[in-house]
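Reading through the structure tokens given below for one structure.
Laboratory data are not the source of any read-out in this text; all were calculated from the coordinates shown. Small disclaimer: the values here were computed from a predicted structure and weren't measured. All Cβ positions, even for glycine, are placed from backbone atoms using ideal geometry, and neighbour counts span all protein chains on display.
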Amino acid sequence: MQADLFADEHDGQLQLASGAMLLRGYALAEQEAFLTAIDVVLESAPFRHMTTPGGYVMSVAMTNCGRYGWVSDVSGYRYSENDPQTNQPWPAMPSAFLHLARAAAAVAGFVEFDPDACLINCYQPGARLSLHQDRNERDMSAPIVSVSLGLPATFLFGGLRCGDSTQRIPLQHGDVVVWGGPARLRYHGVLTLKPGNHPLLGTRRINLTFRKAG
Ligand code: MD6
Ligand code: FE
């Protein structure tokens, strides 16, 4: 435990930076609804490993729900209204997702968050997400709400430039990070997932990020 990192924590709510807040356990009350809804999404849009513009296959498997889905292939990163694997629209955003994302954003001071995209990431042990900025969304005034489920992971939280130093934030099942305003373009990533077994999700970590993409 990094005592200084959590010195300002109140009721499980920790300001990580101006515009970025960790809400510990905020999604726990909705965990069953979330797991059921994730299964419904996966029936029509299964996890898949996308290719980066540089030609690497991502270690994190991804899918989407909502009006827009984040996709990557050799031609670049973008949002698409259709799943490229089926050419069909992405599954609808489950109402439990929408309600939780809106409520979490409001706790962090971002009222009337109206997400139209939910990227769902699946990490198996060994998977990682290298430092990046989320900048494919049209409306940078909207925050991102990130929900972590399953195995714990270490979130890397950097600055506005790629070379800035990073903090390491441990994320547990049920934790929610809200991220916007002056933090919206901070670099961030996820360290290599360690092996483990979560009682509900087994050997995986699932992360959902809600965005206003269109
Ligand atoms: C993840 N999350 O936690 C990946 N991006 O699996 C992200 O890339 C992310 O958690 C923007 C804001 C919050 C996030
Ligand atoms: Fe991101």
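Assorted remarks:
- Gaussian network model of the chain, springs between alpha carbon atoms under 10 Å - residue of Pro152, Pro199, Pro143 with greatest fluctuation: Pro199
- Modelled label reach - Gln31, point 7 Å along Cα→Cβ, the stretch 139-175 residues with backbone N closer than 18 Å: 146-154, 170-175
- Here the chain is treated with +1 on each Lys and Arg Cβ and -1 on each Asp and Glu Cβ, and its dipole about the Cα centre works out to around 560 debye.
- Virtual spin-label span in nm between Asn87 and Glu9, 7 Å along Cα→Cβ: 5.0 nm
- Computed [θ] at 222 nm, helices only, for the chain once each DSSP H run of length n ≥ 4 contributes -39500 (n - 2.57): -4000 deg cm²/dmol
- Glu112/Leu191 FRET efficiency (R0 41 Å; Cβ-Cβ; nearest 0.05): 0.75
- The distance linking the stretch 106-179 with the stretch 42-75 is 17 Å (Cα centroid to Cα centroid, whole angstrom).
- Å³ per residue enclosed by the Cα convex hull of the stretch 68-214: 126 Å³
- Candidates Gln85, Gln133, Gln13, ranked by Gaussian network fluctuation over the chain, Cα under 10 Å, top entry: Gln85
- The residue among Gly54, Gly159, Leu149 whose Cα reaches farthest toward the positive pole of the charge dipole of the chain, with charges on the beta-carbon of Lys, Arg, Asp and Glu, is Gly54.
- Full-stretch length increase - Ala96, Leu42 - with 0.36 nm per residue and alpha-carbon distance subtracted: 17.9 nm
- Compared with the alpha-carbon gap, the fully stretched path from Asn136 to Thr51 is longer by 29.0 nm at 0.36 nm per residue.
- Cα gyration tensor, the stretch 29-72 - rounded (a/c under 1.5), prolate or oblate: prolate
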